[in-house]
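Structure first, then comments.
Read-outs: derived from the displayed coordinates by stated rules, not from any lab. Keep in mind that this is a model prediction, so the values were computed, not measured. With ideal geometry, Cβ positions are generated from the backbone for all residues, glycine too; neighbour counts draw on all protein chains shown.
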Amino acid sequence: MDVCDSLCSLSYALNEQVARQIFDILPECGPVVMIIDREGNCWSSNREEFSRLKLDESFLRDLCAKIDDGVEPVITQANDASIAAAQLATDGANCGYVIVALPRYSPESTLINIDLVETLLNQIGLIAELTERNNSLGELQMKHYSVYGKSEVPSN
């Protein structure tokens, strides 16, 4: 297995875990969150609502390109929703991107609440960081148990 493949699969698994954690706590009529990994895999908190926003693939690619160019967070308007997007990264992995869509928000209302939007983006990054650390601790614990299991000699 290539090192790149293993890193990609690790970020895929991390994105999956982060998505489950975040999507479970979002209010039903609140923001719509989408996580996109570097391979183009997507997780959406509400697929129906996200499809109603009619954000095409080229729009999403442009958002991701702006983030890669260092513009962060990207705040824009699409149809009747405000969109905020940022990089999703931890100390160990560049997981991709997080996009927060605020349906029925005008650009003005988004700018008034920009601190809350940035806080949400930062909290999603924190959830990713904590999830990654939890996974690392779990792996370390399993290695620890494995070493103890091999070194113990049965006594008869």
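Ordered by residue, what ³J(HN,Hα) values in Hz, to whole numbers, does segment 18-34 give under the Karplus form 6.51 cos²θ - 1.76 cosθ + 1.60, where θ = phi - 60° and Gly and Pro are x?
After applying 6.51 cos²θ - 1.76 cosθ + 1.60, I find 4, 4, 4, 5, 6, 5, 5, 9, 6, x, 4, 9, x, x, 9, 10, 10 Hz.
If amide hydrogens are placed 1.01 Å from N in the peptide plane, which non-local residues have theirs closer than 5 Å to the one on A89?
C95
What does the helix-only formula give at 222 nm for the chain: each DSSP H stretch with n ≥ 4 adding -39500 (n - 2.57), the total divided by the residues, and the result rounded to the nearest 500 deg cm²/dmol?
Helix-only estimate at 222 nm: -18500 deg cm²/dmol.
In Å, what is the Rg of the alpha-carbon atoms in the chain, and how long is Dmax?
19.0, 76
Through the Karplus equation 6.51 cos²θ - 1.76 cosθ + 1.60, θ set to phi - 60°, convert the phi angles of segment 62-78 into ³J(HN,Hα) values in whole Hz; use x for Gly and Pro.
Result, ordered by residue: 5, 4, 5, 5, 5, 5, 4, 7, x, 7, 8, x, 8, 10, 8, 10, 9 Hz.
Going by C-beta contacts inside 10 Å, put E118, E139, E132 in order with the fewest on the left.
So the ranking, lowest neighbour count to highest, is E139, E118, E132.
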